[in-house]
Amino acid sequence: MSTANQPPSRPAQRIQYAFTEEQEQFRSTLRRFLEDKSPPTEVRRLMATAEGYDPAVWRQLSEHLGLPGIHLPQEYGGAGFGMVELGIVTEELGRALLCAPFFSTAVLAANAIMNAATEEQKAALLPDLAAGAHLAALALTELDGNWDPDAIQFRASASGGGYVLDGTKSYVVDGHIANLLVVAARLAGDKVALFTTPSDGGGITRELLQSMDPTRKLARIDFKSARAQLLGGEDGRAALGRTLDQAAVALANEMVGGAQKLLESAVSYAKMRVQFGRPIGSFQAIKHKLADMLVDVELAKSAAYYAAQAAAVEDPEWPALASMAKAAASDAYVRTAAETIQIHGGIGFTWDNDTHLWFKRAKSSEVFLGQPNYHRELLMQRWEV
Amino acid sequence: MSKISEAEVRAEVRQWLAENWNTNLSLLEWRNKLADSGWGMPQWPKEWYGRGLPVALVRVVEEEFAAAGAVGVLRGGIGRLAAAVLLEHGTDYQKKKFLRRIITAEDTWCQLFSEPGSGSDLAGATTRADFDGTNWIINGQKVWTTSAHHAKYGTLLARTDWDAPKHEGLTYFILDLKQPGVEVRPLRQMNGHASFNQVFFTDAKVPPEHLVSTVGNGWQVAVTTLAFERRFADGTGAPSRRGPREGRIYEEERAETATVMEPYKWYPQRAGRVDLVIERAKETGANRDPNVRQEIARLMTLARSAEWTARRARAAQRQGKPQGPEGSLGKLAASHIARAAARVHTMITGTAAMLTGTDSPRGGTIAEILVSVPAVSIAGGTDEIQRNIIAERVLDLPKEPRFDTGPFRNVRRN
Ligand SMILES: Cc1cc2nc3c(=O)[nH]c(=O)nc-3n(C[C@H](O)[C@H](O)[C@H](O)COP(=O)(O)OP(=O)(O)OC[C@H]3O[C@@H](n4cnc5c(N)ncnc54)[C@H](O)[C@@H]3O)c2cc1C
């Protein structure tokens, strides 16, 4: 599984509670790669740049590991795996806090194209994304920061046999570097549809926002009669919804990867740091906190893994479980991050200590794609409570 | 051992049930068949009433029993724990004498561990056992002993050496409760039930062949029991039962449940009855309250995540992987779930949560949840002890400083 263009040996037919040997191997290959390419020093270097990623590393992870197309069908240049493998990738990227346009390109934009586009469009757009040659972003949220597709106000209108886009999108992850924008807009008659447009086309102005989490870059994009192509049909609501549910699953896995990393760092600090003549990890207040963190992280992992498995086999419950996993992982990650700082004491509050890098990622992930409360409400609706 | 597949087991058990299951048998006749065939406890060794099946395949057998409507061995109860200990540490004499009657449920068991002075700190037991040349003579007191009022036998932890360090002076016995030197007094719990007891020993006797393992090795044996107990506490229930369940054997099973399982009838409530939450929210209209919806979602997330975590642990075990952290946290997760469920049931029930018994919703079930949940985080090892275990054994954090070393005689105690 470590190279692209190799078919899945056995497509998952039902939910598995353990990763296969192949998947574990893939994970460790990936982890080694990331430990090498994305140590905290690199994270710090890249997060301070405007682009926010290293094109050489992006090329390597695309060409050698086939990551951007891991979940895309082989006919479009992907590796032909599914949501479980995508989850493994995002979990490892979250652990390493890799600065790269993966979530924007592979998770949001590529899935949106997979879900909405015609065959022809897929064949035209996906291979470049799978190969890492193009970067893409999904422009969904507007100035109000609402993640609900039904709240979209941004307009698209038919014009001269095509469409034009008008309005402002914001919180667009990697919107400042994407070559291709996938834009969600409302048509006359109120349907929500998806459009694509090259980001350097006329009528598009992009501005990099100052993001609290510097490892996740955000852009505001203004469209003034910008020409765009309709992706698939005029009713793109279902495709967009599916894309967001897949993204919630991927993000949940990314978050548990980060939370696990923090837990490990808190445990090792607790073993090393001595106060009152004993390691702080021998104080029950600290031990019990760490035990609670472990429970928190393991439960969130279970939710994230299960959601990925359920999505992979198209279990009818999976969209509900996507929301469940997103909410669970958000809460666990934020709590773990706060407690990891607490266990580090004063040093945990410094810029030089790495904990804040993950803390900020936890914070941005908490609200990215919708807050935990929003997802819990979605869960209740999807279960028809 | 040759590998046996899920399909093979399924076919075998199905055929055996087709040939043997009969609702007109008496419960005892049927349980004897289970013991003879090994289908009652398929994970036990072949020579001891089992079939030597990997634990991972037991589920398959349970599913087939459920599908056929067949009665299994008694679920829950201390007999299962005692059996696990005997399989690991018992003599052939002990296995022969006790295991079969655990399967048939002719004997009920209890666990004589906790004492007024030592609960979490079980190794601090002060109930004494002295050998008089013929028998071990037991004196002292146990407490919180679930089922002692029904039990024929108890697994007893008693001190045989007061000069040895605390953990080295204990011995594990099987005690017959039906003897003059044993007095069982029921203890009423905060939920009104009396499923646990005080047990007093005044020169009670244990024959030497009922000593498990060796003198002074009681702590090691007790640790086996506790590990099984925590594993059983991860909240995975029996498969659902289908069909009308009419016939002699079902009646006898119901009678058994009503008596032997009487101490456990509130146990589903102490786990929080997560299964009732959505139903109750809909029937009360509380499902329209956004705060309640949030809390329900949180609770269900916790409950489902814990269930998946237990399955992850089993799947890893099936793959032959060393136990990961996911195997150690079920008991703590069960406490969180129970407490969260009690909170949500209260939100849903509102003012009627002030009532109990037949005046309260669902014939008292909701009230019983609220006053039973506090047991979950105490029984079988408190939450704090679980956290210590996770911190020290899973996360490998330093041990507590100790103040109980040296001869037990000199250790400070209650
Ligand atoms: C419903 C129910 C059924 C039971 N059934 C049985 C049974 O069948 N057989 C049997 O033998 N026992 C049984 N018990 C007893 C149970 O195992 C004990 O109550 C339990 O282990 C706690 O011991 P304790 O009551 O002595 O409390 P203690 O050990 O005195 O604990 C009091 C408090 O101190 C805390 N504490 C103690 N030690 C530590 C530590 N090292 N670090 C941090 N905190 C600590 C505890 O967590 C607790 O909060 C049952 C209990 C209940 C509630």
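Name the residue that is surrounded by the fewest Cβ atoms within 10 Å (Cβ to Cβ), counting only residues in region B:102-130 that are assigned to a loop (DSSP other than H, G, I, E, B) and among the β-branched types (V, I, T). Result: B:T126.
Taking the listed residues B:S328, B:S372, the one that is modelled with pLDDT under 95 and of a type in the set (S, T, N, Q) is B:S328, with no other qualifying. The residues of region B:172-197 that are more than 16 Å from the ligand (Cβ to nearest atom) and touching a residue at least 40 places away in the same chain (Cβ under 8 Å) amount to a single one, B:G181. Taking region B:296-414 as the region of interest, the helices (runs of 4 or more DSSP H) fully inside it that hold 3 or more residues being more than 16 Å from B:A271 (Cα to Cα) are B:330-349, B:383-389. Out of curiosity, is B:F113 within 16 Å of the ligand (Cβ to nearest atom) and at pLDDT 95 or above? Criteria met by B:F113. Give the residue that is surrounded by the fewest Cβ atoms within 10 Å (Cβ to Cβ), with candidates limited to residues of region A:48-69 that are in contact (Cβ under 8 Å) with a residue 40 or more places away in the chain and in contact with a Lys or Arg (Cβ under 9 Å, 6 or more places away or on another chain). Checking each candidate, the answer is A:A50.
Looking at region B:128-158 only, could you name the residues that are of a type in the set (D, E, K, R) and closer than 30 Å to B:V260 by Cα? Selection gives B:R128, B:K142, B:K152. The test for being facing chain A (nearest Cβ under 8 Å) and surrounded by fewer than 18 Cβ atoms within 10 Å (Cβ to Cβ) holds for B:Q319. With respect to (1) farther than 24 Å from B:R293 by Cα; (2) of a type outside the set (V, I, T); (3) out of contact with any helix residue (DSSP H, G or I) (no Cβ under 8 Å at 6 or more places or on another chain), the lone exception for A:F349 is condition (3).
Restricting B:T351, B:T365, B:T356 to those that are away from chain A (no Cβ under 14 Å), exposed (fewer than 14 other Cβ atoms within 10 Å of the Cβ), among the hydroxyl-bearing types (S, T, Y) and more than 16 Å from the ligand (Cβ to nearest atom) reduces the list to B:T351. Looking across region B:70-89, just one residue is in contact with a strand residue (DSSP E or B) (Cβ under 6 Å, 6 or more places away or on another chain) and more than 15 Å from the ligand (Cβ to nearest atom), and that is B:H89.
Every residue, every condition in (1) closer than 22 Å to B:V223 by Cα; (2) crowded, with 21+ Cβ neighbours inside 10 Å, yes or no:
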| site | (1), (2) |
| --- | --- |
| B:K96 | no, no |
| B:T155 | yes, yes |
| B:D163 | yes, no |
| B:D176 | yes, no |
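The values are calculated or read from the model by the stated rules, or taken from the named source; none is laboratory data. It should be emphasised that the depicted structure is a prediction, and the values quoted were computed from it without experimental measurement. Glycine gets a Cβ as well: all are built from the backbone with ideal geometry, and neighbour counts include every protein chain shown.
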